[in-house]
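The values are calculated or read from the model by the stated rules, or taken from the named source; none is laboratory data. Since the model is a prediction, treat every value here as computed from it, not as a measurement. Cβ atoms come from the backbone with ideal geometry, glycine included; neighbour counts cover every protein chain shown. Just so you know, the surface numbers come from the protein's heavy atoms only, side chains and all, with ligands and any DNA or RNA stripped out. Shrake-Rupley method; radii C 1.70, N 1.55, O 1.52, S 1.80 Å.
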Amino acid sequence: MSSSSPSNPSSGSAPAATPSPLLTLPGAVAAEAPDEGVAAHYGDLFKEQRALADGTGFVDLSHRGVVTVSGEDRLTWLHLLLTQHVERLPAGQATAALILSANGHIEQELQLVDDGTTVWMHTEPGKQGELLAYLESMRFFYRVEIADRTSEVAVVHLPAGSIAEVPASAHAVRETAHGRDLFLARAELAAFATSHAPAVGVLAHEALRVEERRPRLGMETDHRTIPHEVGWIGSAVHLEKGCYRGQETVARVHNLGKPPRRLVFLHLDGSEVRLPAHGDAVRLAATGLEGRQIGFVTTSARHHELGPIALALVKRNVAPDAELIVGPDATAAAQEVVVAP
C-alpha cells in the first residue's frame with residue numbers, strides 16, 4: 001500500500017451543487033466539501049445527533065446526484081453493469097451496488113430502489129455526470145431510458161425508527177435498516193421541512209455513519225480502493241454473479257483473502273482539540289511521528305456519546321491490537337476491526 005495521503009474529496013471538476021432552500025432555516029451553517037449545498041448543522045450538533053438516534057427529524061441530502069433508469073430492460077441491463085444481483089430485484093426493495101474499473105477499483109457507489117417501472121438511484125454529490133456518461137456508453141440495443149434528475153428531485157433521509165409520514169407525492173422511497181431515503185420534488189423541500197421538523201445537518205448524519213462503520217465513496221475510498229478493503233462485499237457486491245467489469249479482481253481477492261488494506265474504526269484521545277482531517281497519516285504509536293505511515297484517516301467526527309471517533313484505512317497486516325497515533329498532533333487511537341485482516 002502506498003503511504004501517500006489520498007486526494008482531497010472535494011477536488012475535481014464536478015460542478016457545485018445548487019444551494020438547498022433549507023440553508024435559510026434558522027441557525028443553518030453551510031457544509032464544506034464534499035457536502036456543499038446543504039447545511040452542516042443548524043446550531044446544535046449533539047442535539048441533532050440525538051434526534052437522529054431517537055428517530056426524529058430528517059436530513060437534507062438534496063446535494064446528492066439522482067439518476068433514473070426506466071424501460072422494460074432496465075433490471076436485466078443494470079445486472080450486467082453493477083456488482084449487485086438486480087436482475088430480479090423486487091419492486092420496493094432497496095439495495096446498494098458498485099461500478100468498478102477494469103482493474104476492480106471502485107468508481108461509483110449507488111443507493112437504489114426499483115418502483116416497478118423505474119430504478120431510482122442516488123450517488124455522491126457531483127458524481128451523477130460521470131455515472132450518466134458511463135450508462136449512456138453502455139446502452140447499446142437495450143430498451144432503457146436514462147435521465148439525470150438531480151435538478152428536479154432531491155433526496156431526504158428519515159432515520160430508522162422515524163414515524164414521520166411519507167408524502168404521497170414522493171417519487172420513490174428507499175428503506176433500509178438505517179432509515180428511509182425519499183426522492184422528493186425539489187419544489188417540495190421547504191414544505192417538507194415545515195411539516196417534518198427538526199432539520200438535522202450532514203455533520204450529525206456523518207457522525208452516526210462513522211459510528212455504524214459504514215464507508216462512503218470518496219471518504220473511505222481513493223482511486224485504488226477495492227470493495228474488500230472497506231466491507232462492501234455482501235452489502236454492495238454479490239459474489240455469485242458475474243458479467244460485470246472488474247469481476248476478476250473481486251473473485252481473485254475473495255479467493256486469496258488478501259486485500260492490501262482494511263477499514264478500521266478508531267476511538268480517539270478526547271483531550272485533543274483538533275479532529276484529524278481526511279488524509280491525515282496513521283502510524284504505529286511505538287514509532288512516533290518519525291515512524292512509517294501505515295494508513296490514513298478517512299472520516300472523523302465528534303459523537304454525542306462516544307466522543308471523538310474516526311474511520312481509517314490501514315495496511316492489512318497491521319495487528320488488530322496495535323496502538324496507533326494519527327495526524328500531526330500524534331493523537332492516540334485505539335482501533336476496532338471493521339474488515340478482518
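Mind listing just one residue for me: the one in region 70-109 that is within 16 Å of the chain's Cα centre (by Cα) and among the charged types (D, E, K, R) and, of those, least open to solvent (accessible area, probe 1.4 Å)?
Here the answer is 109.
When both residues are 6+ apart or on different chains and their Cβ atoms are under 6 Å apart, which pairs have a first residue that lies in region 265-277 and is aromatic (Phe, Trp, Tyr), and a second that is loosely packed, with under 15 Cβ neighbours inside 10 Å and assigned to a strand (DSSP E or B)?
These pairs meet every condition: 265/336.
With the requirement that a residue be without any contact (Cβ under 8 Å) to a residue 40 or more places away in the chain and either in contact with a helix residue (DSSP H, G or I) (Cβ under 7 Å, 6 or more places away or on another chain) or not hydrophobic (A, V, I, L, M, F, W, C) (or both), what does region 140-174 give you?
If the condition is that a residue be without any contact (Cβ under 8 Å) to a residue 40 or more places away in the chain and either in contact with a helix residue (DSSP H, G or I) (Cβ under 7 Å, 6 or more places away or on another chain) or not hydrophobic (A, V, I, L, M, F, W, C) (or both), then 152, 165, 167, 169 are the ones that fit.
Looking only at strands (runs of 3 or more DSSP E) that fall completely inside region 220-323, which ones have 1 or more residues that are in the same structural domain as residue 334 (by the TED database) and open to solvent by 50 Å² or more (accessible area, probe 1.4 Å)?
Answer list for region 220-323: 261-268, 281-284, 293-303.
For a quick check of your reading of the model, give me the residue pairs whose first member lies in region 200-221 and is under 16 Å from residue 51 (Cα atoms), whose second is of a type in the set (Phe, Trp, Tyr), with beta-carbon atoms closer than 8 Å and at least 6 apart or on different chains.
Cβ pairs passing all conditions: 200/42; 200/58; 201/42.
Is at least one residue of region 119-131 touching a helix residue (DSSP H, G or I) at 6+ places or on another chain (Cβ under 9 Å), open to solvent by 10 Å² or more (accessible area, probe 1.4 Å) and either under 19 Å from residue 235 (Cα atoms) or not in a strand (DSSP E or B) (or both)?
No, region 119-131 contains no residue that is touching a helix residue (DSSP H, G or I) at 6+ places or on another chain (Cβ under 9 Å), open to solvent by 10 Å² or more (accessible area, probe 1.4 Å) and either under 19 Å from residue 235 (Cα atoms) or not in a strand (DSSP E or B) (or both).
Of the residues 131, 189, 100, 203, which single one is touching a Leu at 6+ places or on another chain (Cβ under 7 Å), under 22 Å from residue 230 (Cα atoms) and not basic (Lys, Arg)?
203
What number goes with the only condition from (1) more than 17 Å from residue 246 (Cβ to Cβ); (2) in contact with a strand residue (DSSP E or B) (Cβ under 6 Å, 6 or more places away or on another chain); (3) without any contact (Cβ under 8 Å) to a residue 40 or more places away in the chain that residue 107 does not pass?
With (1) more than 17 Å from residue 246 (Cβ to Cβ); (2) in contact with a strand residue (DSSP E or B) (Cβ under 6 Å, 6 or more places away or on another chain); (3) without any contact (Cβ under 8 Å) to a residue 40 or more places away in the chain applied to residue 107, the lone miss is (1).
If I ask for residues that are open to solvent by 30 Å² or more (accessible area, probe 1.4 Å), assigned to a loop (DSSP other than H, G, I, E, B) and not charged (D, E, K, R), which ones from region 132-163 would you list?
Of everything in region 132-163, those that are open to solvent by 30 Å² or more (accessible area, probe 1.4 Å), assigned to a loop (DSSP other than H, G, I, E, B) and not charged (D, E, K, R) turn out to be 138, 140, 141, 142, 151, 160, 161, 163.
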